1. Just to check your reading of the model, which residue among 90, 98 is farther than 27 Å from residue 297 by Cα and modelled with pLDDT of 95 or more?
2. Pull out all pairs, ordered by first then second residue, where Cβ-Cβ is under 8 Å, the residues are six or more apart or on different chains, the first lies in segment 240-253 and is over 11 Å from residue 229 (Cβ atoms), and the second is part of a loop (DSSP other than H, G, I, E, B) and among the polar types (S, T, N, Q).
3. Tell me which of these residue 294 doesn't satisfy, since it passes every other one: (1) touching a Gly at 6+ places or on another chain (Cβ under 9 Å); (2) farther than 22 Å from residue 231 by Cβ; (3) of a type in the set (Lys, Arg).
4. Suppose we filter 155, 199, 192 for residues that are part of a helix (DSSP H, G or I), of a type in the set (A, V, I, L, M, F, W, C) and over 21 Å from residue 121 (Cα atoms); which single one remains?
5. Provide a single number: the residues in segment 279-320 that are under 29 Å from residue 42 (Cβ atoms) and in a loop (DSSP other than H, G, I, E, B).
6. I'm trying to understand the selection: among the residues of segment 234-262, which are among the charged types (D, E, K, R) and open to solvent by less than 10 Å² (accessible area, probe 1.4 Å)?
7. Just name the residue that is modelled with the highest pLDDT out of those in segment 305-350 that are open to solvent by 50 Å² or more (accessible area, probe 1.4 Å) and in contact with a Lys or Arg (Cβ under 8 Å, 6 or more places away or on another chain).
8. Hey, could you check segment 300-336 for residues that are charged (D, E, K, R) and farther than 15 Å from residue 349 by Cβ and say which is nearest to the chain's Cα centre (by Cα)?
Amino acid sequence: MKLVSVDKLEPGLVVSENIYTLDDRLVLPKGTILDEKDIERIRSYSLYNIFVEEEKKPVAPKQEKASSNLSYSEKLKNTEEFIRFKQHIEDNAEKLEESFRLLANDSIPLDVDKLTEPVYHLFVEAGGTAGVFDMLHNLRDSSDEVYMHSLNVSLISNTLATWMRLPEEKIQLATAAGLLHDIGKVLMPPELLDKNKQLTDYEQRTMNEHVIKGYELVKDKDINTHIKNAIIMHHERRDGSGFPFHLKNDQIDEIASIVAVADVYDSLTTRKKYREPICPFYVIQQFENEGLDKYDPNTILTFLSNIVNTFIANRVMLSNGLTGEIIFVNPEHLAKPVVKCGDKYIDLVKNKGLSIVALV
């Protein structure tokens, strides 16, 4: 491994450590074989030096061309880090399901530290706050709506609490609350959980009872009150439109407020049995439109200002069919960044008829 000036980079060099921006956003993952497009991306972030392997990997012209046509997402999915992360999060989802069922039967004690330990391992494997969303954005083909979702929400809650610069104790509470927030679903009718169509109004009211059932499951357990509150309050909204108690404003627990944002974002951007994943930029737009009414202001503003930066360098499709890379985020209109399509720069703020419809 050696440190090389960005000015001296050339195709074929192999990245030996994840490359991050000065504000901890992932630019390229470890193991990337650099091509001209990668080098251009690194230079666009005003980086000075990166670590590369001692030896270059010779690339045939055709292979190099094929590599340069791969999107950032495609390159990430081919890395050992992503493959390992995907396998581990799926394995842990199965183990979490077994643990929740044993807890529901009162067969094991509720050990929060033991339950959340795998989440911290996944967090490290993902590359910390800089890499979590890169990993999760590329895991959206899962239809597991309880256990994978619980792990995702735990990781997002941890990241959001970290972005909010909360003390370590509260970050740990947010992580545990995110993992346990849907524990009540283990007591819901399997036919509702497994239904491949959208729930009817009656079925949805039944499903909403998972917050009460989850709270009843843990209320007498020796765990932090914030975690219990998050289980029963993560569907409450500051304007009183949530459930089960229609709480408002500061009546909602601060940790529950973090889990609420993480829960909605992951639920909407993940594939369901009855629909495809919703484009994250549509969700971001929804948050911009109604977030301050429904969610804790500090929580939602922190989430929005950070989540959009995780999409820099990602390829997206616009509503007119063009594809390109996000190169700049508009601070006043987070759902409308600047996208580079070929040699053309499209500012979605100025092109009001255009929007991002998918990550590609």
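1. Numbers: 90 fails: modelled with pLDDT of 95 or more.
On inspection, the qualifying residue turns out to be 98.
2. Qualifying pairs under 8 Å: 243/208; 244/208.
3. So the condition that residue 294 fails would be (2).
4. Details: 155 fails: over 21 Å from residue 121 (Cα atoms); 199 fails: part of a helix (DSSP H, G or I).
Criteria check complete, one pass: 192.
5. 4
6. To start, the set of residues in segment 234-262 that are among the charged types (D, E, K, R) comprises 236-239, 248, 250, 253-254.
Within segment 234-262, 236 is the sole residue that qualifies.
7. Looking at residues that are open to solvent by 50 Å² or more (accessible area, probe 1.4 Å) and in contact with a Lys or Arg (Cβ under 8 Å, 6 or more places away or on another chain), I get 323.
8. Looking only at segment 300-336, we keep the residues that are charged (D, E, K, R), and these are 315, 325, 332, 336.
Still in the running and farther than 15 Å from residue 349 by Cβ: 315, 325.
Details: 315: 17, 325: 19 Å.
Once the filter is applied, the top-ranked residue is 315.
The values are calculated or read from the model by the stated rules, or taken from the named source; none is laboratory data. Predicted model only: the values in this text are computed from it and were never measured. Every residue, glycine as well, gets a Cβ built from its backbone with ideal geometry; the counts of neighbours run over all protein chains shown. In case anyone asks, the SASA skips ligands and DNA or RNA and just uses the protein heavy atoms, side chains included. Shrake-Rupley method; radii C 1.70, N 1.55, O 1.52, S 1.80 Å.
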